[in-house]
Amino acid sequence: MVGAAVRDAAQELRDFLQSDGIDLALADVAVPGHPEPLLVREFGPRMGPWYAELGRGDGASVLDDTPWVARGHSRETTFQRDLTEPAQVDDAVRELTGRVLEDVVAEGRPVVGLILKVRYAPFVTKTHARKIPETFDREEILARALDLAAGIEAGRPIRLLGLRAEMAMPDVRCTTDVRHSLKGLCPCLLDLPIPMSSRLMPL
């Protein structure tokens, strides 16, 4: 996957240069120093070498194909007509909560926090956040979301509402390398499944 990402970057660089009238083969981009005089002439002493570096896949950053782990899921709605009544707000929060929980259920992790985004008309945005005990209970999460909605300023027209549910991160913090280093203490560690996402978390 990393090699494919580098090839994609090189192809994007070539396409970009061709759109500007510069024809540079991918093999040329991969040769250190070869395209830089041309790129410096076209894009300057700062951007020219950077484009060459990008095409070669160089740089201080390390490409990592570890799967990304979501910390939360959110949904928001912009209303065609401003919400002006508390009952309208509660109904909207219920709908948002249901949509967010559909995404959360797929993760299989409990909710640990909620953030309610409120945009008052014409364009003033405020957020209300609260940590909650770990829970999978939909009714509990809805109740907490409605508690946040109770903090909305009365009488102000609402243009947008958004809700974010923060989830607990995976508990397993032992990477494959560390697991093997501990095999002398507990051989059974080698038999434990280690999620790919655990590699994102330091011990």
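Any read-out appearing in this document is the output of simple, stated calculations on the displayed coordinates, not a laboratory observation. Please read all numbers here as calculations on a predicted model, not as lab measurements. We place every Cβ from the backbone using ideal geometry, glycine too, and count neighbours over all the protein chains shown.
Within the shell of other residues whose beta carbon sits under 15 angstrom from the beta carbon of Thr78, the net charge comes to +3, with Lys and Arg scored +1 and Asp and Glu -1.
Compute the Cα gyration tensor for the range 54-170, then decide on rounded, prolate or oblate, letting a ≥ b ≥ c be the square roots of its eigenvalues: rounded whenever a/c is under 1.5, prolate when a/b is larger than b/c in the other cases, and oblate in all that remain. List each step's numbers first, then the result.
Working: a/c = 2.79, a/b = 1.58, b/c = 1.76.
Note, shape of the range 54-170 comes out oblate.
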